[in-house]
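Contents: one structure, followed by commentary.
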Amino acid sequence: MRFQKQITAAQVMMIIANTTIGVSVLALPRIATEKVNTGGFFITFIGLVIAFIGCIIIAALGVRFPKKTFIEYSSALISKPISMAIGMLLIVYFILLEGFILREFGEVMNHSLLDKTPIFVTITSMIIVIAITSRNSITTFAHIQYYYFPFIVIPIFLMVLISFSKMEIVHLKPFLGNNANVSNYLRGVHSVIGLPFIQIGTFILTIIIPYTKSKKHTVIGSILGILVSGITILFAVGVTMAVFGAEEIKKSLWPMFVLARMIQFPAEMLERVDIVFIVVWIFSAFTTLLSGYVLIAYISGKVFGFNDHLPFTIILLPIVILVALYPDNIQQLYDYMEWVGKGGILLTFLYPLILLVLSLARKKRGDHH
Amino acid sequence: MKYMISLLFGLGLFVLTGCWDRDEIEDRSTILGLAIDIAEEQEGSSPNHPSGIDVPLSNLGMLKVTAQLAIPGKVPLKGGDSSGGEPADSVWVVEAVGHTIGDAMQNLQQHLAHKIFLGHLKIVILSEEVARKGIGPINEYLRRVPDVRRTAWIAVNGDDAASTMEASPKMERVPTLYLTKVFEESVKVGKFPEHNLGLFWVATSDKGRDGYLPYIRVEEGEHIKIEGMAYFSGDKMVGKTEPHQIAYFNGLTEQNPGGSTAYFPFKENQGILFQSIKRKANNELKMKNGEPKVDVTVRVEGEIREKSTNALKLDNPGTIESIEKTFNQILEKEFATLITETQEKGSDIFGIGEYVRGKFPDYWDKEVQTGEQWKEIYKNLEITVTGKSKILRTGLKAQ
């Protein structure tokens, strides 16, 4: 037996949900509303539907080759050299994303809690913890994600619930947005699906599929996972938009962060609960980054022909830190992030789609002997 | 070896405490309230720029910031410890002048040993002059500082804002806490719409809406009175309502719980004191000849608290009905007055523009687009108001 097939549908769901909900969600309402104002909610919805499709594509591929990893079956489908070249591209792409998310996390921390701590320290301590954690097996990785899941989803829903009373439905109208022409919509959707959280969230599935208990667990888990994260994100974006309105959202760097800071428990039971909600974003950054790191380490292991991913957990460390420290400031960071993210759609959506089409056309499967 | 390792861990305990951002509570100057005035004094020497040269000013001119600082150890904890001390003892009022708020805050810092901390800022008071000149530069500063919480209140003082910081009401040990209580309790009993800093910013940002702030006045150095609402057009204050108009504004914007009272004449020399319990407003938007038209129906439910004469008997359903009818007319008249006043000043504090934007996006995209354009349209907007009152009860007295 080559793999320990232990991961259940619930774990698949939680891995995907945790990975998808990341620090980028803090900026999501702003990015979604920038182009089409109040249509931001709808754009987020479209973005999540596309993420759902991307997830299904990868799940479908994985189900056809349940014992192989992504790099293995892609070389079986479109010759080894091409697969390796694209594998390299994927590694570079995910390293960039990982670095940028790490930097974004560092910026959030520095803007809110740790204004005197050098960003290098915030970033390095986080990534070292992640590198150490990623040296565990995939099963342990799944357990870690399982543990964090309630700490991420429950507080976000709590935030949504408490903010319900401050909502103004008129801020969500018109549903399609003012100035909503097709080109604005396309650009908006492009920006949203270019955000790193969706891409890592769907691609992490390629790593965990060989370890899931059965096909059924994979399919149910991935559908549920993207649904849970999709609903959470939609609710959070919807409430943020309804509370602030499109114009106000455009004025804040992280609208959802501002929302978290506005929270007051009913009857003023506790003052300053905002810290609790900031801590949530540390968890969600950790789970997203951990998934990203594991993903890069595993793909690298396969591309460079190693037996396992362990050497790469060390090699990647300085590279990711360097990428994270490269942008001079947050404006540049978002610029790079948009650029890389938008380009990456080709890799993370189109490439798996091509593979799936090829696999269907050539009737190649890896699931029966 | 074991010894070395335990030594290493022991050392680590001291070195790796993660205390980069450690802040002792005694070592910071916690600002509870800020008052912003147009400066009449000259700026002293500034740490931010060479003195005597032209430094760009915002449209407000030179500003004076007066801050109320909490004195550590003197501010009583919630509940307990009521031992002695005048209200003014627990705080310290400091002022500084600068070209912008940020500049003034840094000048203020020069007066203080400890680092300024805005995380507990409860209230910002603007003088009317500042509000009328435009509060964009102030919002700019407050939005950028991450410590400032949106649950703080912002208000306009009719005379000079600094006097609010020095007022020392006897009810609370900390004057600013009393001041925020004034607003929070007014919201709770329905006498003032909820409109803290966060909501004010949302209203100012919205294209089809304008912000309003409580308009206060300090009397005899210790009473703080809400004297109406200061309403804005864009980021400039353009007018103020009378105190009684707040109640009608609450009705038009469906603020609940109700709680405001109205004393109105019913027939000759017969006054009725009516207190609202619940308000409901229904906006109906229509397009007429390519122009939006708004019908507002406001329902007010309430009770009769007092009447001025014994000649009037409240034991007859017919009387109650005719009181309701009289009150409906008064409601409609007052609503119309309030709306006309804001229309003259181009200040859509009711957020009708937002409803237009939501309901007729095509019209909005073609004719309006910007907030300024909406203010022009709002000035000539056709708004009809219907008031419907309902008297639920008349108290324990039978007549």
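Just so it is clear, none of the values below were taken in a lab; they were calculated from the coordinates. On a predicted model such as this, the values are computed, not experimentally measured, just so you know. A quick note on method: Cβ atoms are made from the backbone with ideal geometry, for glycine too, and the neighbour counts reach across all protein chains shown.
Worth pointing out:
- Binned Cα-Cα distances of segment B:245-393, short to long, each 10 Å bin given as a whole percent: 11, 38, 27, 16, 7, 1
- Neighbouring Cβ atoms from other chains, within 10 Å of the Cβ of residues in A:167-173, number 5 on average.
- Around the amide H of B:THR386, modelled in the peptide plane, lie the amide H atoms of B:VAL296, B:THR297, B:VAL298, all under 5 Å away and 5 or more residues distant in sequence or on another chain.
- In Hz, Karplus ³J(HN,Hα) per residue of segment B:218-225 (6.51, -1.76, 1.60; θ = phi - 60°; x = Gly, Pro): 9, 10, 6, x, 9, 7, 10, 10
- In order along segment A:211-227, the phi-based Karplus estimate (6.51 cos²θ - 1.76 cosθ + 1.60, θ = phi - 60°) of 3J(HN,Hα) comes to 9, 6, 4, 7, 4, 4, 4, 4, 5, 4, x, 6, 5, 4, x, 6, 5 Hz; Gly and Pro are listed as x.
- Each Cα pair under 8 Å and six or more residues apart adds its sequence gap; the mean of these over the residue count of chain A is a relative contact order of 41 percent.
- Average projected area [Cα convex hull, chain B], square nanometres: 30.5 nm²
- All C-alpha pair distances within segment A:1-121, sorted into 5 Å bins from zero, spread as 2, 8, 11, 15, 17, 17, 13, 10, 6, 2, 0 percent across the bins.
- Normalised by 2.2 N^0.38 Å, with N the number of residues, the alpha-carbon radius of gyration of segment B:25-240 equals 0.99.
- Degrees between helix B:101-111 axis and first principal axis of chain B (Cα, 0 to 90, nearest 10): 50 degrees
- C-alpha long axis of helix A:119-133 to longest principal axis of chain A, angle in °: 40 degrees
- Sorted fewest first by neighbouring Cβ atoms within 10 angstrom, A:ILE200, A:ILE263, A:ILE193 come out as A:ILE263, A:ILE193, A:ILE200.
- For A:LYS213, the lysines whose Cα comes closer than 21 Å to its Cα, not counting residues fewer than 8 places off in the same chain, are A:LYS5, A:LYS67, A:LYS68.
- When the pairs B:LYS280/B:LYS366; B:LYS207/B:LYS359; A:LYS80/A:LYS363 are compared against a 23 Å limit on Cα-Cα distance, B:LYS280/B:LYS366 fall above it.
- For B:GLY134, residues with placed amide H under 5 Å, excluding near neighbours: B:MET237
- Cross-link partners of A:LYS116 among lysines (Cα-Cα below 17 Å; sequence separation of 8 or more within a chain): B:LYS115
- Across peptide B:202-208, the mean count of Cβ atoms from other chains lying within 10 Å of each residue's own Cβ comes to 6.
- Working from Cα pairs under 8 Å separated by at least six residues, relative contact order for chain B is 13 percent.
- Stokes-Einstein translational diffusion, the protein assembly as shown - Kirkwood Rh over all Cα pairs, 0.890 mPa s, 25 °C, in µm²/s: 83 µm²/s
- For B:LYS122, residues with placed amide H under 5 Å, excluding near neighbours: B:GLY33
- Arranged from fewest to most other beta-carbon atoms within 10 Å of their beta carbon, A:THR288, B:THR337, A:THR232 become B:THR337, A:THR232, A:THR288.
- Across segment A:22-32, computed HN-Hα scalar couplings (Karplus, 6.51 cos²θ - 1.76 cosθ + 1.60, θ = phi - 60°) run x, 4, 4, 4, 4, 8, 3, x, 5, 5, 6 Hz from first to last residue, x flagging Gly and Pro.
- Three principal axis lengths of segment A:206-307 [C-alpha, angstrom, descending]: 56, 31, 29
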